[in-house]
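The values are calculated or read from the model by the stated rules, or taken from the named source; none is laboratory data. These figures come from a predicted structure and were not determined experimentally. Every residue, glycine as well, gets a Cβ built from its backbone with ideal geometry; the counts of neighbours run over all protein chains shown. When the accessible area is computed, the model is the full protein with side chains, heavy atoms only, and any ligands, DNA or RNA have been set aside. Shrake-Rupley method; radii C 1.70, N 1.55, O 1.52, S 1.80 Å.
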Amino acid sequence: MKPLKFILPPAFLVCLSACVPLRSIYLGAPSTQDYKRFSNEKVDCKAQGSSFSFEKSKEPKKFMINDKTERVNLFRTLTEVLEKHASTAFLVIQNDEILYERYSDGNDFDTGFASFSIAKSFTSALIGVAIDEGFIKDENQPVLDYIPELSSKEGSEGLTIKHLLNHTSGIIFKLAVDAHIYYGKDVWKGINKLEFGPEPGTKQRYANINTMLLGIVLERATGKPAYDYLTEKIWKPLGMESDAIWSVDKNGITKTYCCLTATARDYARFGRLYLKNGLWEG
């Protein structure tokens, strides 16, 4: 008996592609390797030898963890817990000293790891820098000042940068919007599909599209791609150890809600900036 063949009719494919990009079907679920499948731009670090380095502990530390994932208190070593949960990179840093560092699946300190939504923290930091430098007046500035294309959307008139930052934009979550800004080659195809529900500022709903719009505000306000602004304002001043990459669409618009790929140690450097309340080596 011959195996059955399922052939999708052209009309079905047209209907499907109108809702979500066909690329989302054959690419499958988001992956840590997606940076290999999308277009990227480089975020440059400083010249070799000028990076900030955490000191590596000379004596290996053994950490015990109260692991409750099986609903009972089981004291396990940190390594055992990380093995159980298939963690690919994990660092413990205290007083600028790496007390514990573990990688798996062939990764090491030089491997780039997908940030997924950690990228949102980099974007919000850059918005703060842009406000400090006067490119943006303040967080209460209307989004329509930078993205007038949204004026055709009912409910957009009250939208501010702050609403995008704290995810109270009132934009209705749509899978088709997420699919287009992630898998599609043109983020505007997703933006054009967005709709407003609750009045901005009244209800909180976490959504990728909020930070995607922040990225467009940032790039239009500064006149620079977000990946270049990140290089200039964070990557080089912090003395990042390695170059990073940030995914872009076919028009060069940075996917600012996700898709930054960097080393675990460089993510830790960004965390150190916040630990020091925004101060870095003076």
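Overview of values
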quantity	calculated
Cα-based convex hull, segment 115-166, per residue volume (Å³, whole number)	88
Cα-Cα separations in the chain greater than 25 Å, expressed as whole percent	55
Loop sites in segment 160-231: chymotrypsin sites (Phe, Trp or Tyr not before Pro), DSSP, at most 16 other Cβ within 10 Å	F173, Y206
Built amide H within the under 5 Å cut-off of I93, gap 5+	L99
Surface accessible to a 1.4 Å probe, per residue, for the residues of the chain, Å²	55
Per-residue [θ]222 nm for the chain (sum of -39500 (n - 2.57) over DSSP H runs n ≥ 4, rounded to 500)	-8500 deg cm²/dmol
Accessible surface ranking that places the most exposed of D110, D243 first, with a 1.4 angstrom probe	D110, D243
Long pairs among K56/K162; K56/K120; K58/K120, criterion Cα-Cα beyond 31 Å	K56/K162; K58/K120
Separation of the N166 and R220 label points, Cα + 7 Å toward Cβ, nm	2.3
Estimated FRET transfer efficiency (E149, I118; beta-carbon r; R0 25 Å; 0.05)	0.35
Length-normalised contact order for segment 34-131 - Cα pairs under 8 Å, 6+ apart - percent	21
Links that overshoot a 22 Å alpha carbon limit, given the list K36/K193; K193/K233; K153/K174	K36/K193; K193/K233
Total formal charge among the other residues, if their Cβ is under 12 angstrom from that of S151, Lys/Arg +1 and Asp/Glu -1	-3
Whole-number percent relative contact order across the chain, with pairs defined as alpha carbons under 8 Å at least 6 apart	26
Relative contact order [Cα under 8 Å, 6+ residues apart], segment 127-282, whole percent	20
Listed peptides 71-83, 124-136 by packing density, highest first (mean Cβ within 10 Å)	124-136, 71-83
Under-5 Å amide H pairs with T77, H placed in peptide plane, nonlocal only	I65
Sites E59 and Y206, calculated FRET efficiency, Cβ-Cβ separation with R0 41 Å, nearest 0.05	0.50
Using a Förster distance of 45 Å, the FRET efficiency for T77-D44 (Cβ separation, nearest 0.05)	0.70
